[in-house]
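What follows is a single structure, written as structure tokens, with notes after it.
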Amino acid sequence: MSDFIWDKSSLNKAIHTLESCLCVGLDADLLKMPYFVEKSPAGMLFFNKEIIDHTFPYAVSYKLNAAFYEVLGCEGWKVMAETISYIKSKHRFVILDAKRGDIGNTADKYAHSAFEILEADGVTVAPYMGKDSVTPFLSHKNKWAILLALTSNPGANDFQLQKLANGKFLYEEVIHQAIQWGNPDQLMFVTGATRPDYLVSIRKLIPDYFLLIPGIGAQGGDLTSVMKAALTIEGDILINASRSIIYASSDADFGLASAEAAKLIQVEMAQFIEKI
């Protein structure tokens, strides 16, 4: 695997070099892959590699949602590991979207699994059990904890947008506390593209932290609104698109179709990003 170190500077350099902050979500589903692809772990790995080969000129990062691999048992775990290894051979930032959220020894094992066994560069973490559920992920050098802050799903209203006694939204308090635990080279925040007005206030709250922004494409988020609200001079954002890219076609041209879908997004992003 690549031993490239992804700190804030190198990730932003990649964004400006590619004129892209695109993160492709590899949420491979056996039931949705093209009809001619074998419905097996081997077929999933083939599908992933085809998507990666065709989209990496336009993508800075790839995100694997662990559920789509873990559902296949130990063979799915192998596909996840091999996919991560393949992405790293292309020198792209790898996110394991596992939304871990436990404490103590358990969190430590989850972090070790994500960073030392799978060798992901970042892992999503649910911070609602507090500091001791997050710090084990921050103890790994040159790795990223990606905290859920304000997500794009409707259920975010249930807790994240509840007002506290101090007048803050719960998600704002989470961010305020979390930036006491980690620095901008090891901590980023998940903020949904379907809530662009909140992105403006989040960026003011954390002007120099990376944001991982899902929700464009199939979920309906507007790319231009997100870029205007969250992009900094340095970059500091990764915008995830999954289904709109990986399932752009169900025919033999699915790889080429994924490239076209990724390129369309990258071209729009390039209007806002200064090339170096």
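The values are calculated or read from the model by the stated rules, or taken from the named source; none is laboratory data. Since the model is a prediction, treat every value here as computed from it, not as a measurement. No Cβ is skipped: glycine too gets one built from the backbone with ideal geometry, and neighbour counts run over all protein chains shown. Note: accessible area is taken over every heavy atom of the protein model, side chains too, but ligands, DNA and RNA are not part of it. Shrake-Rupley method; radii C 1.70, N 1.55, O 1.52, S 1.80 Å.
For residue 100, the accessible area of its heavy atoms, probed at 1.4 Å with every protein chain present, is near 50 square angstrom. The listed residues 205, 30, 22 rank as 205, 30, 22 when sorted by accessible area, largest first, using a 1.4 Å probe.
Here the spin labels are modelled as points 7 Å beyond Cα on the Cα-Cβ line, and at residue 78 and residue 142 they lie 2.9 nm apart.
Count Lys and Arg as plus one, Asp and Glu as minus one, and take only other residues whose Cβ is under 9 Å from that of residue 230; the net charge is then +1. Along the stretch 22-27 the Karplus relation, 6.51 cos²θ - 1.76 cosθ + 1.60 evaluated at θ = phi - 60°, assigns HN-Hα couplings of 6, 10, 8, x, 8, 8 Hz to successive residues, with x for each Gly and Pro.
Screening the chain for whole DSSP H helices of 20 Å or more along their axis (Cα) with average Kyte-Doolittle hydropathy at least 0.0 returns 41-55, 254-270.
Shown for the stretch 99-185: lysine pairs separated by 8 or more places, or found on different chains, whose C-alpha atoms are under 19 Å apart, numbering 9. On the basis of the beta-carbon distance and an R0 of 45 Å, residue 102 and residue 251 show a calculated FRET efficiency of 0.60. For the stretch 177-276, applying the loop criterion from DSSP together with a ceiling of 11 other beta carbons within 10 Å to the GluC sites (Glu not before Pro) yields 274. Here's how it looks for residue 212: its modeled amide H is under 5 Å from those of 189, 190, 191, 238, which are all 5 or more places away or on a different chain. If R0 is 22 Å, the Cβ-Cβ spacing of residue 177 and residue 201 corresponds to a FRET efficiency of close to 0.85. Surface calculation, 1.4 Å probe, protein heavy atoms: residue 112 sits at approximately 90 Å² accessible. Extension gain for the segment residue 85 to residue 35, taken as residue separation times 0.36 nm less the Cα-Cα distance, is 15.4 nm to one decimal.
A 1.4 Å probe run over the protein chains yields, for the chain, 43 Å² of accessible area per residue, whole-number rounding. Out of 183, 157, 65, any idea which swings most in a Gaussian network model of the chain, alpha carbons joined below 10 Å? Sorting by GNM fluctuation, first place goes to 157. If R0 is 25 Å, the Cβ-Cβ spacing of residue 168 and residue 7 corresponds to a FRET efficiency of close to 0.25. Of all accessible surface on the chain at a 1.4 Å probe, what whole percent is carbon and sulfur? About 54 percent, which is the carbon plus sulfur part of the accessible surface.
A simple spin-label model places pseudo-atoms 7 Å from Cα toward Cβ; at residue 272 and residue 224 they are separated by 1.1 nm. Charge tally for residue 162 (other residues, Cβ to Cβ under 14 Å; Lys, Arg +1; Asp, Glu -1): -1. A protection proxy built from the mean count of other Cβ atoms within 10 Å ranks the segments 132-139, 238-245, most packed first, as 238-245, 132-139.
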